[in-house]
Amino acid sequence: VVEETTGRSFETAEIEPVDDEDLSDAGDPEDVERALGLFGRLLELTGTEIEPPDPATPQLSYAVAARFEFVPPLKQELLEERSERVRLKRLCGLLEGAAETLEREREIAARAATNGKVQPREPTDGPA
């Protein structure tokens, strides 16, 4: 913020742009692939049809995050991070959490639809 301004019913200011620390660092290719994979998984879970961003998009984290609703503190956290590599890793964590939540909600809804008849969960490969 360079200078606060007045004349509106809400706060306004003159600003100066802040660039990422290293504009040439687009993040790990694995994180790019993971983010786009999670993007597709969320679209499938929600039944939404949104065009995925091009993997070569500069600041891919912003392009992916802009296509989903996040609470303001999470949006602000992504905006304040000046490293695309760190931002992309954080975004992957957020998308993964959202996908897991949607999958649990879907499972709960499916179990609730059985009108009280509960099927045992599928066994996992973990310890018995």
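The values are calculated or read from the model by the stated rules, or taken from the named source; none is laboratory data. Everything numeric here is computed off the predicted structure, so don't read it as measured data. So basically every Cβ, Gly included, is an ideal-geometry build from the backbone, and we count neighbours across all protein chains shown. For accessibility, only protein heavy atoms count, side chains too; no ligands or nucleic acids. Shrake-Rupley method; radii C 1.70, N 1.55, O 1.52, S 1.80 Å.
A compact table of results
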quantity	calculated
Residue in the stretch 99-109 that is closer than 26 Å to A26 by Cβ and surrounded by 13 or more Cβ atoms within 10 Å (Cβ to Cβ) present	yes
Pick from the stretch 7-50, criterion open to solvent by 50 Å² or more (accessible area, probe 1.4 Å) and assigned to a helix (DSSP H, G or I), ranking: farthest from A99 (Cα to Cα)	P29
Long-range neighbours under 6 Å by Cβ, at least six apart or interchain, first residue on the phi < 0 side of the Ramachandran plot within the stretch 46-73, second small (G, A, S)	P53/A63; T57/A63; V64/A35
Checklist (1) touching a residue at least 60 places away in the same chain (Cβ under 8 Å); (2) assigned to a helix (DSSP H, G or I) applied to R90, failing item	(1)
Residues (open to solvent by 80 Å² or more (accessible area, probe 1.4 Å) and either aromatic (F, W, Y) or part of a helix (DSSP H, G or I) (or both)) located in the stretch 51-76	P72, P73, K75, Q76
